[in-house]
Amino acid sequence: MRRLALVVCLGWSVVASAEPVRRALVVAFNGSDRPDTPPLRYADDDGFRWRETFARLGIETTLLTVADADTALLEGERSAGLRPPSVKNLELAVAAMAERTRLDRAAGREVDVLFVYVGHGQTDAEGRAYLTLLDGRLDQRRLYDQVVDQFGADFVHLIIDACHAGGVVGSRGADAQLLEELGKD
């Protein structure tokens with residue numbers, strides 16, 4: 001009986017010490033939903049650099065972007081087949097990652113997801129912050145309800161390179177309102 005218990009414990013030890021699976025979703029968009037806000041020049045380039053960096057680290061990465069003419073020329077074939085950062089494409093990318101995460105977690109693997117946004121951050125008429133997508137907005141509620149929570153990962157890391165990022169992610173330090181919202185199930 002002790003021998004069987006030892007084998008089981010060793011099996012758990014191997015699973016627990018396995019490296020976590022890491023995935024990344026990078027959303028990079030030069031555009032704005034405001035006619036008075038000029039497009040960015042390098043958000044798409046930054047998206048490619050994030051994808052390249054994650055690839056070097058062995059992290060499976062999905063990139064949603066629209067490469068401008070300069071970036072398309074520079075990136076060549078690496079810019080082919082990209083999907084634009086639309087609401088629908090974001091939903092599809094999150095759902096695909098969530099399914100792979102579900103399978104990994106069912107196999108006993110720990111999963112870390114990195115979500116990177118590079119682009120314009122704005123505030124609406126009521127002062128609520130949001131990130132700009134091709135055909136919509138990613139505000140705090142949508143970020144957490146339709147992106148972060150849907151991944152189903154053990155850990156989700158947010159990297160937001162945009163104005164008003166704190167208003168979308170939550171303020172620095174203990175944001176009691178955000179922590180209360182995240183604690184609700």
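Note on the range 68-91: residues that are of a type outside the set (Asp, Glu), surrounded by 14 or more Cβ atoms within 10 Å (Cβ to Cβ) and within 21 Å of residue 137 (Cα to Cα) total 8.
For the range 5-33, which residues satisfy the criterion of being in a loop (DSSP other than H, G, I, E, B) and either modelled with pLDDT under 95 or of a type outside the set (D, E, K, R) (or both)?
Taking the range 5-33 as the starting set, the residues that turn out to be in a loop (DSSP other than H, G, I, E, B) are 18-20, 30-33.
Within the range 5-33, 18, 19, 20, 30, 31, 32 meet the criteria.
Just for the range 28-44: of the residues that are of a type in the set (Asp, Glu) and under 20 Å from residue 90 (Cβ atoms), which one is surrounded by the most Cβ atoms within 10 Å (Cβ to Cβ)?
Keep residues of the range 28-44 that are of a type in the set (Asp, Glu), which gives 33, 36, 44.
Cutting the leftovers down to under 20 Å from residue 90 (Cβ atoms) gives us 33, 44.
On the way: 33: 15, 44: 29.
Top of the filtered list is 44.
From the list 72, 129, 106, 162, the lone residue that is within 28 Å of residue 37 (Cα to Cα) and without any contact (Cβ under 8 Å) to a residue 12 or more places away in the chain is 72.
Determine whether the range 36-52 contains at least one residue that is in contact with a strand residue (DSSP E or B) (Cβ under 6 Å, 6 or more places away or on another chain) and either basic (Lys, Arg) or farther than 21 Å from residue 130 by Cβ (or both). Yes: one or more hits. Residues of the range 58-80 that are part of a helix (DSSP H, G or I) and among the β-branched types (Val, Ile, Thr): 71 alone. In the range 50-67, the qualifying residues are those that are of a type outside the set (A, V, I, L, M) and touching a Phe, Trp or Tyr at 6+ places or on another chain (Cβ under 9 Å), and the one that is surrounded by the most Cβ atoms within 10 Å (Cβ to Cβ) is 65.
Quick one: is residue 94 within 20 Å of residue 24 (Cβ to Cβ), among the aliphatic types (A, V, I, L, M) and surrounded by fewer than 19 Cβ atoms within 10 Å (Cβ to Cβ)? Full working, then the answer.
Working: within 20 Å of residue 24 (Cβ to Cβ): yes; among the aliphatic types (A, V, I, L, M): yes; surrounded by fewer than 19 Cβ atoms within 10 Å (Cβ to Cβ): no.
No, not satisfied.
Do the conditions hold for residue 40, that is, is it assigned to a loop (DSSP other than H, G, I, E, B) and either modelled with pLDDT of 95 or more or among the hydroxyl-bearing types (Ser, Thr, Tyr) (or both)? Judged against the criteria, residue 40 is a match.
The values are calculated or read from the model by the stated rules, or taken from the named source; none is laboratory data. Predicted model only: the values in this text are computed from it and were never measured. No Cβ is skipped: glycine too gets one built from the backbone with ideal geometry, and neighbour counts run over all protein chains shown.
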